[in-house]
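Values in this text are rule-based calculations from the coordinates and carry no lab data. Model, not experiment: these values are computed from the prediction. Neighbour counts run over all protein chains shown; Cβ positions are idealised from the backbone, glycine included.
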Amino acid sequence: MLRSFHGPDEWLTSSELSRRAHFPDASGYRLIQTLERIGAVVRGPSGRYRLGMLLVSLSNNVPIHECLREASHRISWELADRFNLTVHIGRLEFGMVTYVDKVSAPNSFPVHTRIGAQHEAYCTGLGKILLAALPEDQLESFVMDGDLIALTPYTVKNSKSLRTQLEGARSNGFAIDNRESQANMFCIAVPIRDFEGATIAAMSATDSVERMTNQRQAEIGVALAAAAAAVSGKLFPFGIPLSTKDESCRNTVLTDGHLEDA
């Protein structure tokens, strides 16, 4: 029922909510009365309802990073072990990528990151796929906020080139870091989505440039997309993330927690 609201400022009648949630009017009305009593929705003077402050209060108590780690850690280990690489989970916070989790196979290429640390968004795979999901006004604010400092000779150097990369990430469903943030390192990143398809975090696979052949990139990309969809499924078990319908996942399935080729 609560998912029937399309935004925090939307006002709906009991019948409209029931119809969106596929409830009979009488059952929907009783549920709405319960939600109103606990503060999950509020009733306006016109008899319409909108989301209430209970959800804001509860959301402030949800440890987002911890939830992401718990949902993704085993899946990340499976992916890292299968391809002998490093897997990161990241979120965009204050224009920077925050590393929520990191898993490295024992003999994988060394990656100089740590959980809880932040990195520039414009030169990382995680950052680019997260930036690509921003509304245009927020993206424009980020691009205009400061200079793009080159960390390696391959780092994107101007806003026009960055925008081109972000447009590609948006249309392709993945982003790459080809030696931009660390010399000799190649990274592929994909979004982790909520049940409505909005990007809430990102997942990446990192290895050396030498090992990241075109064939290996394709194999890892397919498995990475399936892994991100599996994380979404664990975070939102009662909703079907749109990313699980992506064509990029068609050759990989998750069986008993293990990523396997279909």
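Over all distinct alpha-carbon pairs, what is the Kirkwood Rh of the stretch 142-234 in angstrom? Intermediate values should be presented prior to the final figure.
On the way: mean 1/r = 0.0695 Å⁻¹.
The Cα-based Kirkwood calculation yields 14.4 Å.
Sorted from largest to smallest, which semi-axis lengths in Å does the alpha carbon gyration tensor of the stretch 41-137 give for its equivalent ellipsoid, taking the root of 5 times each eigenvalue?
Numbers: eigenvalues 252, 59, 25 Å².
In descending order the semi-axes read 36, 17, 11 Å.
Below 8 Å, C-alpha to C-alpha, sequence gap of six or more: please give me the relative contact order for the chain in percent. Before the final figure, lay out the partial values.
Working: 457 pairs, mean separation 36.5, N = 262.
Taking the mean separation of contacting Cα pairs over the length of the chain, I get 14 percent.
Please give me the summed charge of the neighbours of Met144: other residues whose Cβ is under 13 Å from its Cβ, Lys and Arg +1, Asp and Glu -1.
Working: positive: Lys160, Arg163; negative: Glu136, Asp137, Glu140, Asp145, Asp147.
Neighbour charge sum, excluding Met144 itself: -3.
Could you sort the peptides 124-132, 194-202, 207-215 by per-residue average Cβ neighbour count (10 Å cutoff), highest mean leading? Write out the running numbers ahead of the final one.
Numbers: 124-132: 28.4, 194-202: 18.3, 207-215: 13.6.
So the peptides 124-132, 194-202, 207-215, ranked by packing, come out 124-132, 194-202, 207-215.
Taking the Cα centre of the chain as origin, work out the dipole magnitude from +1 charges on Lys and Arg Cβ and -1 charges on Asp and Glu Cβ, in debye rounded to 20. Can you show the working numbers first?
Working: 26 positive and 30 negative charges, 95 e Å.
That gives the chain a dipole magnitude of about 460 debye.
Evaluate the charge dipole of the stretch 2-60 about its Cα centre and quote only its size in Debye, nearest 20, assuming +1 on the Cβ of each Lys and Arg and -1 on the Cβ of each Asp and Glu.
Working: 8 positive and 5 negative charges, 20 e Å.
Dipole size: approximately 100 debye.
Just add up the charged neighbours of Gly52: K/R +1, D/E -1, any other residue whose Cβ is under 14 Å from the Cβ of Gly52. Let's see the in-between values first.
Values: positive: Arg37, Arg43, Arg48, Arg50; negative: Asp9, Glu10, Glu36.
My count for the surroundings of Gly52 gives +1.
How much space per residue, in cubic angstrom, does the convex hull of the C-alpha atoms of the stretch 2-60 take up? Write out the running numbers ahead of the final one.
Values: hull volume 4.4 nm³, N = 59.
In the stretch 2-60, the Cα hull volume divided by residue count equals 75 Å³.
With the dipole of the chain worked out from charges on the C-beta (+1 for Lys and Arg, -1 for Asp and Glu) around the Cα centre, which of Tyr49, Asn107, Ser208 lies farthest toward the positive end?
Tyr49
How large is the dipole of the stretch 86-174 about the Cα centre if only Lys and Arg carry +1 and Asp and Glu carry -1, each at its Cβ, rounded to the nearest 20 debye?
In debye, rounded to 20, the stretch 86-174 gives about 340.
If I model the chain as equal point scatterers sitting on the Cα atoms and use the Debye formula, what is log10 I(q)/I(0) at q = 0.08, 0.13 Å⁻¹?
Results for the chain at q = 0.08, 0.13 Å⁻¹ read -0.38, -0.87.
Provide, for the chain, the number of lysine pairs with alpha carbons under 19 Å apart, each pair being eight or more places apart or on different chains.
Within the chain, the lysine pair count is 5.
Tally Lys/Arg at +1 and Asp/Glu at -1 over every other residue whose Cβ is under 11 Å from the Cβ of Arg216; what's the total? Each step should come with its number before you reach the end.
Working: positive: Arg211; negative: Asp207, Glu210, Glu219.
Charge balance near Arg216 sits at -2.
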